[in-house]
Amino acid sequence: MSRRNRQLSESGYYHVVLRGVGKMILFEGRSDYQAFLKLLANHAAKHGAAIIAYCLMSNHIHLVLRDDERNLSTLIHGMATAYAKRFNEQNCHVGHVFQSRFFSLPIDSDERLLEAVRYVHQNPYKAGVDTIEDYEWSSYREYVRRPKLVETGTIKGMLKSIDAFVRFMHEPGSSYRLPTIEKVKLNDQDAALLMHEVLNRTEIQALSGDSRSERDTALRKLRDAGIGIAQAARITGIGRNVVSRAYTKAQ
C-alpha cells in the first residue's frame, strides 16, 4: 500500500498534529516549550504561514495554521527537525523525537475553523491537565490578552468580541473530530522505519535474542507506536502468535 498524498485545503487552513515517537515526552521543561514556540514562529514567518492557534501537550502538539504559500510540509519538517536536534542536545537523547509523518486536516469553512480552534484550546481541559484559561502552553491567552505569535484577527472577526470568544471556547465540544489521525495505515517499509525510530539498538537485537521478556518488551513498544500484530510479525519475522501474546500481555 502506498502512502496517501496529503489533502490540500482550498482555504489554506489546516489542523496539524505532531506526536512524539512511541508516545515519548516532547517537553522536559519550560525551556523546551519556549524553544518550540520560537521555532514555530520563525519557520511560519519564513514560509509565509500564519499561526491561528496552538496547544503544546506533553507528548503531542496541535496547531491551526494558514498556509497561504503552500509550504506546509517544508515548514513542519524544518521546524520538527530543528526542534529534535535541540531536544536531543539539551536532554542527552539519541534518536528520533517525532513520529515520521505529521497529520494534517484541511479546514474549508469558517464553521470548521472556529471548531478547530476550540478543539485545540480545549485539549488540556479534556485531558484533565488544566483549565482552558490556566494552561500556559496554548494560544488561548493570546486571544484574551495580547497576541505574540498568533494571528488573532480572523477568529476575533468571526466572533465579534472577546466575551463571545470566551463563551465559544467554553461551549461543549461539537461534532468536530480527527477521525483519521489514528487510522492512517503505514506500509511495511514505513512501519520498519518507525520500528527503528521506536526501538534502540539493544531492543532491535532483543527481537531475535534469547530473552523472552526483553523481546516482549520491545514488541510492546511497537504496539504502543501503533503497529498492528500482523504488520509487526511481517517486519520483525517473529511468529504472529508470539507477537499477539506479547501485545496482550500486561506490562
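Values quoted throughout were computed directly from the atomic coordinates according to the rules given, and no laboratory measurement underlies them. Since the model is a prediction, treat every value here as computed from it, not as a measurement. Quick reminder, even Gly has a Cβ in these numbers, built from the backbone with ideal geometry, and neighbours come from all protein chains shown.
Annotations
- Semi-axis lengths (Å, descending) of the ellipsoid that matches the C-alpha gyration tensor of the range 188-248: 15, 13, 10
- Cα centroid separation, the range 90-127 to the range 11-81 (Å): 8
- Dividing the summed helix terms, -39500 (n - 2.57) for each DSSP H run of n ≥ 4, by the number of residues in the chain produces a 222 nm estimate of -15000 deg cm²/dmol to the nearest 500.
- Ser211 paired with Arg234, simple spin-label distance in nm, labels 7 Å along Cα-to-beta-carbon: 3.0
- The number of Lys pairs in the range 22-162 with C-alpha atoms less than 28 Å apart, excluding pairs fewer than 8 positions apart on the same chain, is 17.
- Between 0 and 90 degrees, the angle of helix 72-91 with respect to the longest Cα principal axis of the chain falls at about 60 degrees.
- Using C-alpha pairs below 8 Å separated by at least 6 residues, the relative contact order for the range 188-248 is 32 percent.
- Taking all pairs of distinct alpha-carbon atoms in the range 13-170, Kirkwood radius in angstrom: 15.9
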